[in-house]
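Following: one structure in structure tokens, then a few remarks.
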Amino acid sequence: MSESMELEALRSIYEGDESFRELSPVSFQYRIGENGDPKAFLIEISWTETYPQTPPIISMNAFFNNTISSAVKQSILAKLQEAVEVNLGTAMTYTLFEYAKDNKERFMENHHPINSTTSISNIISVETPNIGPSSKKKDKKEQLSKAQKRKLADKTDHKGELPRGWNWVDVVKHLSKTGSKDDE
């Protein structure tokens with residue numbers, strides 16, 4: 001099958017498929033997963049001059065994939081490379097897109113969306129599951145910071161006795177509110 005025939009085939013197969021984009025006659029993008037699916041990702045396949053005798057260039061550099069960690073991208077690309085080796089010499093763009101669709105869940109099983117709120121502790125806990133971040137957070141709340149102790153002292157007469165009319169619950173609420181700000 002020549003490139004032009006494969007191009008025609010891809011156009012007819014994916015006609016009306018919103019997930020498919022022809023970037024150029026030798027470069028194609030396919031969105032695996034529905035729009036809005038947190039596990040959706042984009043694969044870009046570009047043909048070289050010697051394709052399909054040589055592997056196409058498979059990329060996941062699309063901006064669409066910017067919430068996917070490089071480790072997950074690497075593993076997806078490695079799995080697609082395996083499929084490429086099996087199909088070398090044949091028109092394989094459709095096969096690769098379909099392979100990715102069929103294996104989307106497996107490809108993305110380690111995907112945890114990265115966004116600006118992902119804290120370093122979350123990333124560490126993913127790599128070292130033994131040390132859960134929950135235990136660290138608990139300790140933090142139980143130990144008052146110096147600032148919080150000072151706030152408490154200001155509300156008491158510095159002997160730890162609260163003036164009458166003070167309600168401990170209010171103090172605790174106040175502390176937990178200010179405490180969460182300090183942690184951020």
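The values are calculated or read from the model by the stated rules, or taken from the named source; none is laboratory data. Computed from a predicted model, the values in this text were never measured in an experiment. Because the Cβ atoms are built from the backbone with ideal geometry, glycine has one as well, and the counts that use them run over all protein chains shown. Calculation scope for accessible area: heavy atoms of the full protein, side chains included, ligands and nucleic acids excluded. Shrake-Rupley method; radii C 1.70, N 1.55, O 1.52, S 1.80 Å.
Key figures for this structure:
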read-out	value
Contour excess over end-to-end distance, with Cα ends at residue 77 and residue 37 and 0.36 nm allotted per residue	12.4 nm
Calculated log₁₀ intensity ratio I(q)/I(0) where the Debye formula runs over C-alpha points of region 1-71, q = 0.18, 0.23, 0.26 Å⁻¹	-0.75, -1.07, -1.22
Residue 106 versus residue 147: modelled label distance in nm, points set 7 Å from Cα along the beta carbon direction	5.0 nm
Contour minus Cα-Cα distance for residue 18 and residue 4 (0.36 nm per residue)	2.9 nm
With DNA, RNA and ligands ignored, accessible area of residue 82 (1.4 Å probe; Å², nearest 10)	110 Å²
Solvent-accessible surface ranking, highest first, for 42, 23 at 1.4 angstrom	23, 42
